[in-house]
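Structure, as structure tokens:
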């Protein structure tokens, strides 16, 4: 009778929800003793597991659910193990039950999600599996959260019969060293289960498709009329309008480009840049995001590196940014096309045709799709590193989309959210985290031209009611100083990346706004996210746990006792580099660990709980008398001494000890004796005290918010040789207008070009 009931139930669920099941062979690998865990997305979850699991396992539910009258008719069909999660006796009974060669299903979250992402994970199931010596069988449920049986009404596009998938992952075990006992053992078990649940949620998104396919799927899921994009011009775009404009523009771009061609985009943070990017994706071209703050020579070098023959830009942007000289020089090397000129060529019938095609976008895309290989290049970003010539970082469709799948495990952003993005689209965080990820999640993105408007940006966040905001530490500190205490009241998440989050920045955000900044970490080569703190797993000074689907290795470095070079591998790691002067071939990443591994160039340490601590760039360690000293530690010491100012440490050669550290500070009253006193008080080693302290009115900054250390080193060297005792005012790369100031400063174009996206 049970078999027949399950068969009929399966047929009904397939008819209504088109249920697809993957990996059921893993069920038989668990043996007789197993704990089956699943993410809890809706009231359908238990019914789906009952219908498709080969055997009828016992369902572990808490006393509150068991006593609810609404559920009693359904609970009669299954075996139940009623337990109180807060009772040790209840957990012991569960352990005994599993040990008797039984299988049980449990939802570690203990309740149905109300955020669309994982809720709090209880440690009880982890202890049960570990004490009972049982296999854990993870099962991922996807699609149920879009049904009326979820708790997501008003947050997602709820439909009566969403498509549902069930993915059974390979079984795993919880193994904890015997020397860990008591509370530490419970904590370790809970952490393992937490990471396993993140891995489970990560598998629910299929990233093996093209970026444009993912956009169309997001539009269908979140409704075509859902507003998704806006910029400073205050003309919101919904999915249909974005797709319509993409089709219209693609028709014109197609005339000047060829399939698979690398095409440059020289555009600011406006909706037109996103439309242009998606038009290239639709056509099968590879958009190369050009850094307009880099200077003429570096920009031309980037075009040579990626073999770019065609660049699209805007007359209005060139005019407002005063980039006429750059544009004229660029036109000598590549074909430059202006979007305004293309717009004049678009006829009324073409616009109507684009609108009509937006009503059957998948069919139109399939007709024009030349290659749907997700492992083909999708985007090229540039990093200069320390060589001064840009390297092209080639990211595939799978790289970008897998990073979205990884990121959404940690941050639950959805259609109710508004992402405020002021990081440039030529930067990895600005493009993927600040634009593509919210587009796919249904979150509205507001694009702003520059992160340097410290007074305007808090006001805009307040006006828009933005819920997610991310920026570099330098900018976060600037906003905090100028913002009203209520400006950020709507923020659910404040995320810091691109550089180390300083303690004083965290303190002022907490004291003034009551907001905890979550620090993350990534590099361009990993699309970009590698690790992140979350509201549930956060450790000060760390960058969080590594994201699901990634592996890491710490390679020892001579002279560094604790920590080493951080090597990473995962589906989000780039296809490879394009090197200037090379043959145009993509050079795949390779390290001592083998192919596919990327050397981040960062020195990191991992604590016993798996939190990653970035100690600094490998190139930002000074070797003084044979001992390695982190410049980041020197800057932290300076911050402790003069918390209200900006500081940067650089390395210069020293005849006696090989290298010496020079500290540049904006504190005009700073003297070396003060930092010596702080070092003694905080018990810093004498070796961390800079050899010399020099003064500057400003520090040279990149458009991404990082200190331009290459320029700073050049200036510090000049000052050290002259012995004048201070550095003259340094001109910032970004002018008051919010776009790059084309007026030449005392810095050379080469030094202005540093766009060190390898930095954490």
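Rule-based calculations on the coordinates, nothing more; no lab input. It should be emphasised that the depicted structure is a prediction, and the values quoted were computed from it without experimental measurement. Neighbour counts run over all protein chains shown; Cβ positions are idealised from the backbone, glycine included.
Seen from a random direction on average, the alpha-carbon convex hull of the range 300-370 projects onto 6.9 square nanometres.
When Cα Rg over 2.2 N^0.38 Å is computed from the coordinates, the matching label among (i) 1.19; (ii) 1.01; (iii) 1.26 is (ii). Angle of helix 211-222 to the longest C-alpha principal axis of the chain, folded into 0 to 90 degrees and rounded to 10: 50°. Ranked by the mean number of other Cβ atoms within 10 Å per residue, highest first, peptides 690-701, 171-182 order as 690-701, 171-182.
Applying 1/(1 + (r/R0)^6) with R0 = 60 Å to the Cβ-Cβ distance of residue 55 and residue 595 gives a FRET efficiency near 0.90. For a paramagnetic label modelled on residue 153 (point 7 Å from Cα along Cα→Cβ), amide N atoms under 16 Å away belong, within the range 1-45, to 42-44. The calculated FRET efficiency for the pair residue 10 and residue 217, based on their C-beta separation and a Förster distance of 41 Å, comes to about 0.95.
The angle between the Cα long axis of helix 296-305 and the longest principal axis of the Cα atoms of the chain comes to about 50 degrees, rounded to the nearest 10. Classify the range 210-278 as rounded, prolate or oblate from the Cα gyration tensor: take a ≥ b ≥ c as the square roots of its eigenvalues, call it rounded if a/c is under 1.5, otherwise prolate when a/b beats b/c and oblate if not. Because a/c hits 1.5 or more and a/b fails to exceed b/c, the range 210-278 counts as oblate. On full extension, the segment bounded by residue 454 and residue 316 gains 47.3 nm, given 0.36 nm per residue less the C-alpha separation. Once the Cβ-Cβ distance of residue 609 and residue 96 is raised to the sixth power relative to R0 = 25 Å, the FRET efficiency obtained is 0.25. Highest-first packing order for the peptide set 196-205, 668-677, 111-120 is 196-205, 111-120, 668-677, based on the mean count of other beta carbon atoms within 10 Å. Helical runs assigned H by DSSP (4 residues or longer) give the chain a calculated mean residue ellipticity at 222 nm of -9500 deg cm²/dmol, each run adding -39500 (n - 2.57) before division by the residue total.
If one takes the longest principal axis of the Cα atoms in the chain, at what angle in degrees, from 0 to 90 and to the nearest 10, does the Cα axis of helix 239-253 lie? With both axes taken from Cα atoms, the answer is about 50 degrees.
For the listed peptides 435-446, 23-34, a ranking on the average number of other beta carbons within 10 Å per residue, highest first, reads 435-446, 23-34.
The distance between label points at residue 89 and residue 510 comes to 4.0 nm (points 7 Å beyond Cα on the Cα→Cβ vector).
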